[in-house]
1. Extending each Cα 7 Å along its Cβ direction at Trp45 and Ser63, get the distance between those two points in nm, one decimal.
2. Kindly identify the stretch 23-176 as rounded, prolate or oblate by the Cα gyration tensor criterion: order the square roots of the eigenvalues as a ≥ b ≥ c, call it rounded if a/c is under 1.5, otherwise compare a/b with b/c, prolate if a/b is larger, else oblate.
3. Which of the aspartates and glutamates could a cross-linker span from Lys104 if the Cα-Cα distance has to be under 19 Å and same-chain partners fewer than 8 positions apart are dropped?
4. Take the residue pairs Lys26/Lys127; Lys26/Lys151; Lys117/Lys151; Lys71/Lys117 and return only those whose Cα atoms are more than 32 Å apart.
5. So how far, in whole Å, is the C-alpha centre of the stretch 51-128 from the one of the stretch 144-165?
6. Quick one: which residues, 5 or more positions from Asp118 or on another chain, have an amide H under 5 Å from its amide H? H modelled 1.01 Å from N in the peptide plane, none for Pro or chain starts.
Amino acid sequence: MNHRYILLAIASLVLPCDNSYAQVTKVSVNQLAFMAGTWTQKQEWGDMEEFWGEPMGDSMISSFRVVKDGKATFYEFVVIEEQNHLPVFKMRHYNRGSMGWEEKDKPLLFYLVGIEKDKADFELKDKSIRITYQLISPNKLDVIVIEKDKKGKLKKDIFNYLRNNNYIFLSQIVREY
């Protein structure tokens, strides 16, 4: 056996590696069902609400809004669709009045880079933004956004959402009816 291959084998066992960038090869959108629900949080930006529909077919949808002083300030719409056996997170932003930030044929595309039970990591191809969804408990969902600013410095925002139980109650009534 070539000495170079032996050194590579030893290095791979000894050197630390970042599993968060491990190759994700096949994941169903159903594995993201833990995100489903209506999640709310009060924050300095305003009152935040993020809704995730249950997986249906090979997709999930989400809407998000921020309301401050009784007026919506901006919105997000997300579609997660399976492509080549992997969920792809496609995001668009809108100002009040439904004016889009992104060009119509260019949503922000976040690729699944890590998945565990009740946790999913999505990242832009250029690695400038990473979004992690983690179900902490049945009624608590943390969304962690790590983003590089214009100078390349990392900024981390953590959104601690609570499940809006009114939505669960209403959806149970509708199903029973």
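Quick note: the coordinates plus some simple rules give every number you see, no bench work behind them. For clarity, every value in this text was computed on a predicted model and none was experimentally measured. A quick note on method: Cβ atoms are made from the backbone with ideal geometry, for glycine too, and the neighbour counts reach across all protein chains shown.
1. It is 1.8 nm.
2. rounded
3. The qualifying aspartates and glutamates are Glu76, Glu81.
4. Result: Lys26/Lys151; Lys117/Lys151; Lys71/Lys117 exceed 32 Å.
5. So the two Cα centres are separated by 14 Å.
6. Under 5 Å from the amide H of Asp118: no residue qualifies.
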